[in-house]
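Below is one structure; the comments refer to it alone.
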Amino acid sequence: MSQQPTYTEQQAAAIYPRDVSIALSAGAGCGKTFVLTQRFLKLIEPGSPPDRLSHIVAITFTERAAREMRDRVRETCLEQLRSCPPEEVGHWQTVIRGLDSARISTIHSFCTSILRTHAVSARLDPHFGLLEQGTSDAFLRKVVREAIHDLLQEEDEDCLELVYRYGLERTYELFISLVPQQFRIEFEQFSDLSEEQLAGRMRKFWVDSYIPMQLAEIANAESTRFLLRLMAAQDPVNKKMRDRFQVLTSRLPELLEGAEYNRAVLLGTLIEHAKVQGAGTKKDWDDLDVYEQIKDGFSELRKSLTKVYEILSPDPAAFLQAAEYSLRVLRVTEFVAGRYQESKAEKGLLDFDDLLLQTRDLFRRDPQAKQRAEAGIEFLMVDEFQDTNL
């Protein structure tokens, strides 16, 4: 018999259980793919159902990773075939013959298989072509340029204004970057919005979300926490410095409270107290290294606080202008994105994003297709889960 690999306690806990879902978290080079491969192999050992291989789906992040996993599985199965007892020969031969069709692939290849199988429900030509990354970029650029050219010929007000503001090449690049993000935009939510309404939403987001996020980032920064620890360990001789320590220590946590009415006052107070000038000299400090650390910490804190203080209340006209150009960009994006989709459809092509979105839409639209796909999967394994599109 071939020598069986030795597993650590953590590896065994991920390889053997069958009645629970498992998530494996580990750093690079720690053997996650090895564990995934070993779990796959354990599922197809002698005694498993004859059709088990066809009910295992392993999703990898790259085609290379899929090939490597398939090769590892094949090598191990060949080793087993060479050394197994006679009664297991048939089992391993069957497994090896089925490995070429084993469902080890990237998420895009997995979706391609589903869409071709359910092409009618997905409203697709089952022989659709794929736009690979390099080809897709060139195709997108060509379509965007042609769409912008057509809008300019028609003297579209939105497009003319954007080209006037940004220049033709920057306008091209703007929509080349935006069109692939079209699935993140609910265009209909903005179609009936006035500039004033959108400006109001922008200001509300700025006040309720963006500014609190910036303040929380300062409060939670390691430099801020280090400064608080330094101050907690000191007992300044100078009374003004003691007062500043007390104010900063007690009021910095207020950055996390998010109350709008006192933000300007709070930031002004913190900025005023985060300095060493006017509160004694170096001679008042027993440790000059600590003094320099406090001084540098105050300086960094002041810069961060001042940056936010200066943007607490932007000019309302700036929100209105931002809303105007945002709506122009959205309208042109919707047009160009529609042209891009039409151009792909005419040529029977899908890009990588289409594969994911069309599969999602298929399952939403056709519950039976979703059930059939689910029924064919007994074990689902995903490598590099954190990098897989949600």
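The values are calculated or read from the model by the stated rules, or taken from the named source; none is laboratory data. Source: prediction; values computed, not measured. Here Cβ is always computed from backbone atoms with ideal geometry, including for glycine, and neighbour counts include all displayed protein chains. When the accessible area is computed, the model is the full protein with side chains, heavy atoms only, and any ligands, DNA or RNA have been set aside. Shrake-Rupley method; radii C 1.70, N 1.55, O 1.52, S 1.80 Å.
Pulled fully out, how much extra length does the chain show between Glu169 and Glu222, if you take 0.36 nm times their separation in residues and subtract their Cα-Cα distance?
Contour length minus the Cα-Cα distance gives 15.0 nm.
Mind pulling the angle between the C-alpha long axis of helix 133-153 and the longest principal axis of the chain? Nearest 10 degrees, somewhere in 0 to 90.
The angle comes out near 60 degrees.
Between Ala102 and residues 5 or more places away or on another chain, which pairs have amide H atoms under 5 Å apart, with H built 1.01 Å from N, and which residues are they?
Close amide H contacts, sequence-distant or interchain: none at all.
Report, to two decimal places, the Cα Rg of the range 275-390 normalised by 2.2 N^0.38 Å (N = number of residues).
The range 275-390 yields a ratio of 2.14.
Which of the lysines could a cross-linker bridge to Lys344, judged by Cα under 23 Å and excluding same-chain residues fewer than eight apart?
Hits, sequence-local ones excluded: Lys142.
Going Cα to Cα from Lys282, which lysines come in below 25 Å? Please leave out same-chain ones fewer than 8 positions away.
Output for Lys282: Lys239, Lys240, Lys295, Lys303.
Treating the beta-carbon of each Lys and Arg as +1 and of each Asp and Glu as -1, no other charges, what is the dipole magnitude of the range 173-330 about its Cα centre, to the nearest 20 debye?
Dipole about the Cα centre, nearest 20: 640 debye.
Please identify, among Tyr340, Tyr172, Tyr164, the residue showing maximal mean-square fluctuation in a Gaussian network model of the chain using a 10 angstrom Cα cutoff.
Of Tyr340, Tyr172, Tyr164, the most mobile in the Gaussian network model is Tyr164.
Ignoring everything but the protein chains, give the 1.4 Å probe accessible area of Leu330 in square angstrom, nearest 10.
30 Å²
Give me the dipole magnitude in Debye, nearest 20, for the range 55-166 about the Cα centre, with unit charges on the beta carbon: positive for Lys and Arg, negative for Asp and Glu.
800 debye
Please give the helix 211-220 orientation as an angle from the longest Cα principal axis of the chain, in degrees from 0 to 90, rounded to the nearest 10.
For helix 211-220, the angle is close to 90 degrees.
For the range 281-307 and the range 186-211, what is the separation of their Cα centres, given in Å?
About 41 Å separates the Cα centre of the range 281-307 from the one of the range 186-211.
When only the heavy atoms of the protein chains count and the probe is 1.4 Å, how do Lys42, Lys295, Lys282 rank by accessible area, highest first?
Highest to lowest solvent-accessible surface, that is Lys282, Lys295, Lys42.
Quick one: putting +1 on the C-beta of Lys and Arg, -1 on the C-beta of Asp and Glu, what dipole do you get for the chain around its Cα centre, in Debye to the nearest 20?
1000 debye
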